[in-house]
Amino acid sequence: MPIPMLRPALTIARYTLLEALRSRLPWLFVLAACGAAALAGFLQQLALTESGAVQAALLAATLRLTSVFLLLAFVITSMAREGADKGLELLLALPMPRAAYLLGKLLGYGALAAVPAVLFGLLMALFAPPAQSALWGASLLGELWIVAAFSLLCAASLQQPLPALAAAGGFYVLARMVGSLQLLAHGSQAGHAWPQRAMAGAIDVLALLLPRLDDFTRTEWLLYATGDWHALGRVAAQTCIYVALLAAGALCDFYRRNI
């Protein structure tokens, strides 16, 4: 990134983090961690066998979903509030390119995503091997970066918080389920009828376009210590590719708008 663009981008990233602090978002992550730990501890008492594994699995799933929802909601509401307050027009009136504004936002949201990834990774280290918890936390960071980039794209394109929230939530659910949908579609081709083949082909195309978020932050890493650095490498590769593509899409949409 050129130096004239880097300086305003870092300034915007700093103010994005300050906005998150003023919104008490880090405290929400802390409260979410405490609430998830309490819920998992309560449900552990209901498990008849393997109560420790049940507690770790429930805690990991709850923390992952909570971190995604809070970050997604903050990105979209922050962008919507800035647009409603005319802060975007004021910033773009300054002598800086639009790419600096958008990339600054992306840097700020990416830095903010490190808070739940580190916090929740440390919390999971109390219930699982530390190396696997570190792998899980690093994978959660990549997942949150992809979610933040897509939420930024939705906020910049749709410009209304409710449709943007619905689109970002639908993207996340579909990306988490696309692997299971592929298995179901190919398993239902017993009769080889053309509707089943067409549906399976459509899901295969969708799987090529979407990130495989079902490969991220896998609970079995914590339960059975099956995670390794090859899995983290696949996560890192997907994160780099999709964050770059989503940022490029947001930039294209941002430059074509009349603000």
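The values are calculated or read from the model by the stated rules, or taken from the named source; none is laboratory data. Note that the coordinates shown come from a computational prediction; the quantities given were computed from them, not determined experimentally. Glycine also receives a Cβ, built like all others from the backbone with ideal geometry; neighbour counts cover every protein chain displayed. Note: areas computed on protein heavy atoms with side chains; ligands, DNA, RNA excluded. Shrake-Rupley method; radii C 1.70, N 1.55, O 1.52, S 1.80 Å.
Tabulated data for the structure shown
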quantity: Tabulated pairs, region 196-210, first without any contact (Cβ under 8 Å) to a residue 40 or more places away in the chain, second among the aromatic types (Phe, Trp, Tyr) and surrounded by 14 or more Cβ atoms within 10 Å (Cβ to Cβ), C-beta under 8 angstrom, 6+ apart or interchain; calculated: 210/171
quantity: Which numbered condition residue 131 fails, given (1) at pLDDT 90 or above; (2) touching an Asp or Glu at 6+ places or on another chain (Cβ under 9 Å); calculated: (2)
quantity: Residue in region 222-259 that is farthest from residue 59 (Cα to Cα), counting only those that are open to solvent by 60 Å² or more (accessible area, probe 1.4 Å) and polar (S, T, N, Q); calculated: 258
quantity: Only listed residue being modelled with pLDDT of 85 or more, closer than 18 Å to residue 217 by Cβ and open to solvent by less than 30 Å² (accessible area, probe 1.4 Å), chosen from 68, 118, 75; calculated: 68
quantity: Among residues of region 106-115, those that are open to solvent by 10 Å² or more (accessible area, probe 1.4 Å) and either not in a helix (DSSP H, G or I) or not small (Gly, Ala, Ser) (or both), counted; calculated: 3
quantity: Residues being open to solvent by less than 100 Å² (accessible area, probe 1.4 Å), farther than 18 Å from residue 67 by Cα, modelled with pLDDT under 80 and assigned to a helix (DSSP H, G or I) - total across region 9-47; calculated: 3
